[in-house]
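These notes concern the structure reproduced below.
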Amino acid sequence: MSEAVDLKARAKAYQENTRDIKKRVVVCAGTGCIAGGALKVIDKFEAVIREKGLSVALTINKHEDGYQVTGSGCQGFCQMGPVVTIHPDNIMYCKVAPEDVEEIVEKSVLKDGIVDRLAYTHKPDGKAYPKKDEIPFYRDQHHVVLQKCGNIDPSDINEYIALGGYAQAEQAAKMTSEEICSVMMDTGLKGRGGAGFPAGKKWDMARQNESEKKYVICNGDEGDPGAFMDSAVMEGNPHSIIEGMMIAAMAIGADEGYVYVRMEYPLAVKRIRAAVKAAQEAGILGDHMLGTDRPFDITVMEGAGAFVCGEETALIASVEGKRGMPSPKPPYPAQKGLFGKPTVINNVETLSTVPMCLQTGAEEYRKLGTPSASGTKTFALTGHVLNTGLIEVPFGETLRTIVHKIAGGVTEESGDLSPEGFKAVQIGGPSGGCLTQEHLDMPLDYEHLKAIGAMVGSGGLVVMNHNTCMVEIARYFMEFTQNESCGKCVVCREGTKQMLDILTDITQGRATMEQLDLLEELAGVVKKASLCGLGKAAPNPVLSTLKYFRDEYVEHIVNKRCPTGQCKALRAYSINPEKCVGCGACVRKCPTGAITGEKKAPHVIDAEKCVKCGACKDACKFGAVLK
Amino acid sequence: MKTNQTVTVDNKVVPIEGERNLLELIRKAGVEIPTFCYHSEMSIYGACRLCMVDVEGMGMVPSCSTVPRAGMVVKTSTPEIRETRKMILELLLASHQGDCQTCRKGDDCRLLALANRLGVRDVRFKKKGRNLPLDLSSPSIARDPNKCILCGDCVRMCSEIQGVGAIGFAGRGAHSIVTPCFNREIAAVECIDCGQCTKVCPTGALTIKSDTTEVFKAIQSQDKYVVAAIAPAVRVAIGEEFGLDAGANAVGKTIATLRMMGFDAVYDVSYSADLTIMEEGTELLSRVTSGENLPMFTSCCPGWVKFMEQYYSDFASNLSTCKSPQQMLGALVKETLPDAIKKDRKDIVFVSIMPCTAKKFEARREEFKAADSPDVDYVITTHELALLIREQGIVFSEMEPEAFDMPYGFNTGGGVIFGNSGGVSEAAIRFTGEKLTGKKNEDYVIREVRGEDGVREVEYDFSGTKLKMAVVSGLANARTVMNGIRDGSRSYDFVEVMACPGGCVNGGGQPVSVDRLARKKRTEGLYRTDKMLQLHKPQENPYIKDLYDNLLGVPNSHKAHELLHTNYHARSRIKSDRIEQPAETDKLPVSICFGTGCFIRGSQKLLSQLTSFIAGNELEDRVSLGATFCFEQCDKGPVVRIGDETITHCTRVKAVEALTEKLHL
Amino acid sequence: MSVQNILAFEKAGQIIEKYGYNRAKLIPILQEIQNEYRYLPEELMVYVATMLGTTSSHVYGVASFYSHFTLKLKGKYVVRVCDGTACHVKKSTRLLEAVRAHLRLAEDQNTTPDFLFTVETVACLGTCGRAPAMSINGEVYGLLTDETAVAVIRDIQDKEQASHE
Ligand SMILES: Cc1cc2nc3c(=O)[nH]c(=O)nc-3n(C[C@H](O)[C@H](O)[C@H](O)COP(=O)(O)O)c2cc1C
Ligand code: SF4
Ligand code: SF4
Ligand code: SF4
Ligand code: SF4
Ligand code: SF4
Ligand code: SF4
Ligand code: SF4
Ligand code: SF4
Ligand code: FES
Ligand code: FES
Ligand code: FES
Ligand code: FES
């Protein structure tokens, strides 16, 4: 029997050590900010502080009087990255480059001043917002899952512990498995991976299936293109996932866990691996989980590039070393999962929320969100809006708040605000549907979305402006699902292929109205008859765009015209002789020599030769080229 | 609450009686649900989506993967279901490439049949064929991936039932394909030619490789004397192709038909099966006496033999040295007929009619050739024979039965039951039992070896000599048994293995029957035939006695060995000529085998030892190390080739010795 | 054979040994082998099958299912241009075209003849907030334009050039 793990002592030591830290500089070290050069910024901070003869604490392990510089997980505002926050002043700087560091240190670290030029400036009102909480992007969010994510140092287990981490696991160790399940059922926490199945109920099923071996799997495959919530949590707060898994393990009686991470997330893999190792070294994981008699350990596995492996049965096949092809349910994983044993498989966000649920208690947790959907949900907000990034709001929030307040409004291609430009939001990625003007005030939760043929899904939110062709968007998603179909069942394998084919025909002006009917009929069959969720959800983007934007489809088919001018094949460039001054600028840009004309006389485009690249339109200063 | 354990299927109340899925229950109710990917003996796959039915409160569900629950109300045909099924077929047909008129699958195509049955009259989608190359490399099966609907039946058959796994899924989504590893030709991989995959394949993607054209040409050629030989299992199945019941013995009609087609003589493979028992039984007795090479394994199934050579070659010497009945008869005919009919060996064409596709492979084995011509020239399956008969327009059902030609047409019941699993064992007991006890046994039926299980064990005591036997069919079962023998958890004196589940009655070349009980009925048909014959024991066959008197002397004699026995050897699973290093002229080539056999015997350790020896003596410039898969001496592994010398049971010492010598160190 | 050195077998053997000859670990085993050789040579797949006691068709089936595995030799630098939703609406298609054009890749070609670059698309690199994005051997670049993307590649080319001189 190993030593009991003394969390309190670790927490106390950490607090001791950090008591005299004057300022804490948190540089975002999420994938986004690293791509923007965040690591160099961290180095620079250290160097500058050191240069000034001051002590910098990197990892907190000794009593140090001075300044702390640390990396964090994604702070959500990647577009503005690298972002740097300074505590306790709660200042946030955007797009920080190494060159800016000297000044930040001088003004905001050594003193309590502000570097105005690095503060976020909000375009609509032209104001600068140096305080993080006041930035409109953050102001209207409600951070629960993301709270620690952008603040703590993911590589420091002690910081996690000092903030109350692993205490819930310790608490759970004193409860019976029934008790844990029943608390979880009371919280009403629904799975965040897409299907929204109540986590407590799933655990309880697995608990009741007797077996000497059970597993807990954390689903970090996050394959939805345009979604990165789970990656942010894995990068920014990996210990909360581990703790969630430990609680799940105690709830069902599992002794082994897997974290399955998408291979395109090398940083997430690295952080979660490091966190598991730290937890093992601390005696939190291992033969004596938290010093108890129960074993529980975690293996991190990298996916190998297959979206469908996010589907639970496919994921299990993949962990077993097989082709990631889903299998019919029942049996459900909770009955017969990994290696045929009862298995609980939950999403990253779900598991990361678990400790918090226990901490606040069911009643308190349910206060957030709506009666049928408790808690908060993270979304990856992207597309034609002023501010993109990772956000978290309580269930029941409206699109209006998200698009107009948090995201700061819809933009044109150029990035300029476009007050009337809102067209639609695609929610739930390739499995979801689109929401339009009429849904702006609908509360976002499972029921409401389901009722209109969309879904919460994993949490992708793509805002599209009036220049977006909805047929092309449907085609894009179909291309994705078609590529990612595992090929097992006929309707999905062949059906998505044919749907894509028809959608391509439409965007290229080759389709007939009969094909449109066929598309709709086929979409219905694929939805109903597919084996797994991938196929079942594949037609959603088509069906929902058809529902709200049918006239756009018809326009492509009947008039061979793309109303937004996005479909290249349907574009026709011509020159307005009224406007053309014959400057010849377009002639020089045209790659195919399609434009001819006398100097100073109106030019013409030879439609045969034109490849519709649009270069002439960009080149013409007189707005004479028409699309 | 027994009374409540029912399900309503289309207004009919059906009791739940342990059915593992709704599909079985619905079939019991008398409704034939269309399926492509369901086979009761294999795992549930759930991919074709044709079996969808409507369950009240659940909507459309796949019946193959839904567990029946009491009180369910099932509708098997609603407008929605009908439309869905039709559309599935439309989708399949749109991606399907090939013409039914010229398809190898002919009338057996389930895709075509279902399209007709469900009334698909229009394919509204664009045709999307893939133009993949055909694979005609195998002597036994033909692959046309353009016709594959990816139901996975063959894959599961090959791995779950046959334990081989020669074909599998590759690629993903619309690029998925069922193929041997690395898209190789099937003949270059571990396929054991059993043909079971062609039987479950619903389309023309996997079919029997046909030899009917060659056979037809031979019959038509004036200067050839063409002999037909009919295997036991053929007679109880061929009738199904012409509307007779499964299991009905149609051998007389078959003989008459073959004569009409122009065969010069029609012999019975049951005759040589009797002969096999004489040889194999004698061999068994002498092994039991000497205690050597036990257990003895039967060698009459070429699928099993190849399997054994590939995976269990350490037991190669435990195989009976007997040739199979087909090869015995071929050898005998080619040996004796030239004199009898005054014709050259090369002008005698031996055609065997088999339930089996692996026999096509067997007939081509190098061991079974003499004077450059094979003992068996062509093998056609039951199904191919039916095609030939139909092609010629012969009305099979109306043929008057005729009898075999002698001498190779006389059989006993012992030779006939070779066609089903357990038959060889039973015939062997009828022979050895009498030999061991020295008493004539009136009751010839050995009930203990009969049955449906894939592994049956029996033990006999013949006047103090104990014989422990196992009867195995289906190679996945064979694998279990072999592993048990290897690790010592099982031990026998005699093991009969048939590659096909149930034996040859269920061979890869048999008719694809709609009757799910066909296999059982065929087996019963053979036992019935045995019963009706006057003689049941091979040793009582008068023509066999003659053969020994006039030609062979006694069983296992020198002459018998020359004609009727052979040897089996290790065989690599995957042909690979690509891994050997290109010869670097000034370096000594050293190849280490990394096949299974050598791997389990330590080739990896040997490699480390050799590399460190080479590095330690700075020989890198003088030696070129390479790897290979299988020198086909796996039982003597690890095998290393140094220069032109092949070292078996190689150790570090042996290898270093050879290196020292060859490099003059 | 394409594996130039028999030591590949030894290396593969060590990897398999590390995973305890466990068939369930096929994917991590293949991943490590691929990290070593940049692709999965057939010979090594047969070897893996042998060592794990499974069939080559199974190993091939798994290797050909996952897009991360490659059966052909890839370039030293694998450029993965994101075509996830966020990047797509920010015109990642043009980015891809620019990169491919710069590397003079023909329509059905993904790897440069000198095996320096392989260009692929990927659905989301997890940096959607900085769309459009691409990654090169795991390093992520965001907020790209055609010009900056090409510039990143040109830098690598220059560096490679220099190391050869
Ligand atoms: C095609 C497909 C992809 C999926 N991808 C993911 C994923 O990337 N992450 C995830 O957590 N769940 C994904 N799911 C849902 C999982 O199957 C499963 O429902 C989920 O992991 C359960 O966890 P939860 O109950 O915590 O949501 C996917 C489902 C389908 C059908
Ligand atoms: S629905 Fe698509 S992804 Fe799912 S099992 Fe069927 S083919 Fe595979
Ligand atoms: S769109 Fe492109 S190809 Fe067409 S005329 Fe303009 S520049 Fe030339
Ligand atoms: S650039 Fe515009 S104004 Fe100039 S020639 Fe072209 S179309 Fe006319
Ligand atoms: S497989 Fe069937 S449907 Fe296809 S060509 Fe052959 S007979 Fe016709
Ligand atoms: S069935 Fe119809 S299409 Fe086929 S051959 Fe006969 S007439 Fe022609
Ligand atoms: S013939 Fe037998 S061994 Fe060969 S692929 Fe078919 S089922 Fe497998
Ligand atoms: S070859 Fe035949 S049995 Fe095998 S998957 Fe294709 S259609 Fe099915
Ligand atoms: S069991 Fe019979 S039919 Fe099957 S492979 Fe063996 S000999 Fe051929
Ligand atoms: S990665 Fe830094 S804010 Fe998202
Ligand atoms: S038989 Fe049920 S899906 Fe194929
Ligand atoms: S494995 Fe066959 S000789 Fe080495
Ligand atoms: S969509 Fe490109 S990084 Fe997410």
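Read the figures in this text as sums done on the coordinates, not as results from a lab. Keep in mind the model is a prediction, meaning the values are calculated, not measured. Neighbour counts run over all protein chains shown; Cβ positions are idealised from the backbone, glycine included.
Overall, chain A carries a charge dipole of about 1420 debye about its Cα centre when +1 sits on the Cβ of Lys and Arg and -1 on the Cβ of Asp and Glu, all other atoms neutral. When the protein assembly as shown is described by a simple charge dipole with +1 on each Lys and Arg Cβ and -1 on each Asp and Glu Cβ, the residue from B:PRO133, B:ASN11, A:GLY286 located farthest towards its positive end is B:ASN11.
From least to most packed, judged by other beta carbons within 10 angstrom and beginning with the fewest, C:CYS128, A:CYS586 follow the order A:CYS586, C:CYS128.
The A:LYS131 and B:MET58 beta-carbon pair, evaluated with R₀ = 45 Å, returns a calculated FRET efficiency of approximately 0.25. In a simple Cβ point-charge model (Lys, Arg +1; Asp, Glu -1; nothing else charged), the protein assembly as shown has a dipole of about 2240 debye relative to its Cα centre.
Taking label positions 7 Å along the Cα-Cβ direction at both B:ASP245 and B:GLU632, the computed distance is 4.8 nm, reported to one decimal. Residues in the range B:404-411 carry Karplus couplings, in order, of 5, 7, 9, x, 8, x, 9, 9 Hz; the curve used is 6.51 cos²θ - 1.76 cosθ + 1.60 with θ = phi - 60°, and Gly or Pro positions show x. Based on DSSP H segments of at least four residues, each scored -39500 (n - 2.57), chain B has a per-residue ellipticity at 222 nm of -9500 deg cm²/dmol. Taking all Cα pairs closer than 8 Å and separated by 6 or more residues, the relative contact order of the range B:6-77 comes to 40 percent.
In this structure the amide hydrogen of B:THR66, modeled in the peptide plane, comes within under 5 Å of the amide hydrogens of B:LEU22, B:LEU23, none closer than 5 places in sequence on its chain. Helix A:7-18 and the longest principal axis of the Cα set of chain A meet at an angle near 70°.
How long is the gain from C:GLU139 to C:LEU116 if the chain were fully straight, where each residue apart is worth 0.36 nm and the alpha carbon distance is subtracted?
Taking 0.36 nm per residue and subtracting the Cα distance, the gain is 6.7 nm.
By how many degrees, 0 to 90 and rounded to 10, does the Cα axis of helix A:513-529 deviate from the longest principal axis of chain A? Roughly 10 degrees between the two axes.
Taking a sphere under 14 Å around the Cβ of B:ARG522 and counting the other residues whose Cβ falls inside, with K and R at +1 and D and E at -1, yields a net charge of +1. Each residue of the range B:368-376 was assigned a 3J(HN,Hα) from its phi angle through the Karplus expression (A = 6.51, B = -1.76, C = 1.60, θ = phi - 60°), giving 9, 10, 9, 6, 6, 10, x, 5, 10 Hz with x at Gly and Pro.
Got the relative contact order for chain B handy, in percent, Cα pairs under 8 Å and 6 or more residues apart? If you can, show how the numbers build up before the last one.
Numbers: 1291 pairs, mean separation 84.7, N = 665.
For chain B, the relative contact order is 13 percent.
Compared with the direct C-alpha span, the chain from A:GLU447 to A:ARG294 gains 51.1 nm at full extension, assuming 0.36 nm per residue.
Between the listed residues B:LEU111, B:SER463, B:VAL639, the Cα displaced farthest toward the positive end of the dipole of the protein assembly as shown, a dipole computed from Cβ unit charges relative to the Cα centre, is found at B:LEU111.
Computed from Cα positions, the angle between helix A:38-51 and the longest principal axis of chain A comes to roughly 50 degrees. Which FRET efficiency value, to the nearest 0.05, is calculated for B:ARG259 and B:LYS126 with the Förster distance at 51 angstrom and r the Cβ-Cβ distance? For B:ARG259 and B:LYS126, the calculated efficiency is 0.45.
If you add up the charges near A:ALA227, with Lys and Arg at +1 and Asp and Glu at -1, over every other residue whose beta carbon is less than 13 angstrom from its beta carbon, what do you get? It works out to a net charge of -3. For the range B:146-180 versus the range B:38-114, the spacing of their alpha-carbon centroids is 19 Å. Averaged over peptide A:301-313, the number of partner chain Cβ atoms lying within 10 Å of each residue's Cβ comes to 4. Under 5 Å between amide hydrogens, built in the peptide plane, is the criterion, and for A:GLY337 it picks out A:THR343 among residues at least 5 positions away or on other chains.
Remark: the range C:106-115, residue by residue, has Karplus-estimated 3J(HN,Hα) of 6, 3, 9, 10, 10, 10, 6, x, 7, 6 Hz, where x stands for each Gly or Pro and the curve is 6.51 cos²θ - 1.76 cosθ + 1.60 at θ = phi - 60°. Think of it as helices only: each DSSP H run of n ≥ 4 in chain A is worth -39500 (n - 2.57), and spread over all residues that comes to -11000 deg cm²/dmol at 222 nm. Under 5 Å from the amide H of A:ILE605 lie the amide H atoms of A:ILE575, each residue being 5 or more positions distant or on a separate chain, with H modelled from the backbone and absent for Pro and chain starts. Just how far, in whole angstrom, is the range B:468-507 from the range B:651-665 if you go by their alpha carbon centroids? Here the answer is 42 Å between Cα centres. The calculated 222 nm mean residue ellipticity attributable to helices in chain C amounts to -15000 deg cm²/dmol, summing -39500 (n - 2.57) over DSSP H runs of n ≥ 4 and dividing by all residues. The range C:98-129 and the range A:492-550 have Cα centres separated by 30 Å. Straight-distance candidates among the lysines for linking to A:LYS617, with alpha-carbon spacing under 30 Å and chain neighbours fewer than 8 residues away dropped: A:LYS123, A:LYS423, A:LYS560, A:LYS568, A:LYS579, A:LYS589, A:LYS599, A:LYS600, A:LYS609, A:LYS627, C:LYS90, C:LYS91.
How much net charge surrounds C:THR112 when only other residues with a Cβ under 12 Å from its Cβ are counted (Lys, Arg +1; Asp, Glu -1)? The answer is +2.
Taken residue by residue and averaged, Cβ atoms of other chains lying within 10 Å of the Cβ of A:228-237 number 2.
Label positions at B:THR480 and B:GLN609, each projected 7 Å from the Cα along the C-beta direction, are separated by 3.8 nm. Each of B:SER591, C:SER67 was scored by other Cβ atoms within 10 Å of its Cβ. Listed from fewest to most, they are C:SER67, B:SER591. Within 10 Å of the Cβ of each residue in A:421-431, the mean number of Cβ atoms contributed by other protein chains is 1. Take every Cα pair under 8 Å whose residues are at least 6 apart in sequence, average their separation, divide by the length of chain A, and the relative contact order is 11 percent.
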